[in-house]
1. Can you tell me which of Gly272, Gly292, Gly267 is surrounded by fewer than 16 Cβ atoms within 10 Å (Cβ to Cβ) and touching a residue at least 24 places away in the same chain (Cβ under 8 Å)?
2. Run Ala225 past the list (1) hydrophobic (A, V, I, L, M, F, W, C); (2) surrounded by fewer than 14 Cβ atoms within 10 Å (Cβ to Cβ); (3) within 19 Å of Ser304 (Cβ to Cβ) and report the number of the one that doesn't hold.
3. Residue check, Ile150 against (1) farther than 24 Å from Ala259 by Cα; (2) part of a strand (DSSP E or B); (3) of a type outside the set (S, T, N, Q), all met but one. Which one?
4. Of (1) within 28 Å of Gly289 (Cβ to Cβ); (2) in contact (Cβ under 8 Å) with a residue 12 or more places away in the chain, Ser222 satisfies all except one. Which?
5. Do we find a residue being closer than 25 Å to Pro30 by Cβ, more than 18 Å from the chain's Cα centre (by Cα) and in the same structural domain as Leu120 (by TED's automatic domain parsing) anywhere in region 164-174?
6. Name the single residue, out of those in region 236-261 being at pLDDT 95 or above and of a type in the set (Gly, Ala, Ser), that is surrounded by the fewest Cβ atoms within 10 Å (Cβ to Cβ).
7. Please specify each residue of region 201-218 satisfying the condition of being under 23 Å from Asp140 (Cα atoms) and without any contact (Cβ under 8 Å) to a residue 60 or more places away in the chain.
8. Restricting region 138-164 to residues that are of a type in the set (A, V, I, L, M, F, W, C) and buried (at least 21 other Cβ atoms within 10 Å of the Cβ), which is nearest to Gly292 (Cα to Cα)?
Amino acid sequence: MNISSPAVDPMILPSPVRIGWVGTGVMGRPMCEHLLRAGYALTVYTRTPSKAQMLLDQGARWAESPAAVAAEADVVCTMVGFPQDVRRIYLQPDGLLAQARSGQVFVDFTTSEPTLASELAGLASSKSAIALDAPVSGGDVGARDGTLSIMVGGDSQTFEAVKPILSVFGRTLVYQGQAGCGQHAKLCNQITIAGTMIGVCEALLYAHKAGLDGETLLRSISSGAAGCWTLDHLAPRILKRDFQAGFFVEHFIKDMGMALDEAKRMGLLLTGLSLVRKLYVAIQANGHGRSGTHALLLALEDVSPTFLTADSSPPSLSK
């Protein structure tokens, strides 16, 4: 005799749903713009009010604190820089969880610590609210184009309920498992990027030394087995020596550090990641913490000064 499990009612958000947002930087602002264009009511808070002005001009409402955002929202989204920022906006007396109420949903898009994601989910649950960890990949280009990949950990029914919201700025929405699993998946993403980035930068160094034209080279290898997002979007910037950030070096160093900490806890030795992180720490020490991750080239130039000329002016990689 088969005994079926009792049916569980799906989670249903209010209609229309009110969205709150904390953090309107390089990634957060274009994500908010997609929500506004989709017709969502949006309340925002950020530490630097001027960074939210473009959103206010497009119809967003301003809140004076994270708690004020939570008070006006059914779903609260956060996109900040570091785990300590996540702790501050969620856990301080004027933070998000101070206002948490039954049925309210919190979605953290920050790349943060898996253990912190689990802690927030537990604290939210104690107030009958739900917290999802939903870090994203795709950089500034993905945020602007609405093509982000979103890795989600937490309650699966809540993930299904917020999918229409996530789909406004994400193309690939994947449920990874319990709270913290979204963050673990994002750290896997960052480990992959670290290895890819050093490969791309070293390939371009080699090409230049061999006398190849960078743009011509990319036409060949980008469509072959080496093809990847980094070659498509960041290699052309490297050729132009445009190191403006789509994703900051200092944030990537944070991500790699979290991955190495988690690996150590699990008894893993990630030697490639350790090497790449040391190179990034070196360029941060030279003042490039707010440059884009493809500025890794600068560290490789230091150990193999392929581009240095007599006047120490590095020319373009492209002929």
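The values are calculated or read from the model by the stated rules, or taken from the named source; none is laboratory data. Source: prediction; values computed, not measured. Counting neighbours? That spans all protein chains shown, and the Cβs are built from the backbone with ideal geometry, glycine included.
1. Residue meeting the stated conditions: Gly272.
2. If we test Ala225 against (1) hydrophobic (A, V, I, L, M, F, W, C); (2) surrounded by fewer than 14 Cβ atoms within 10 Å (Cβ to Cβ); (3) within 19 Å of Ser304 (Cβ to Cβ), just (3) comes out false.
3. (1)
4. Answer for Ser222: the failing condition is (1).
5. Yes, that holds for at least one residue.
6. Across region 236-261, the extreme among qualifying residues is Gly257.
7. Leu218
8. Ala143
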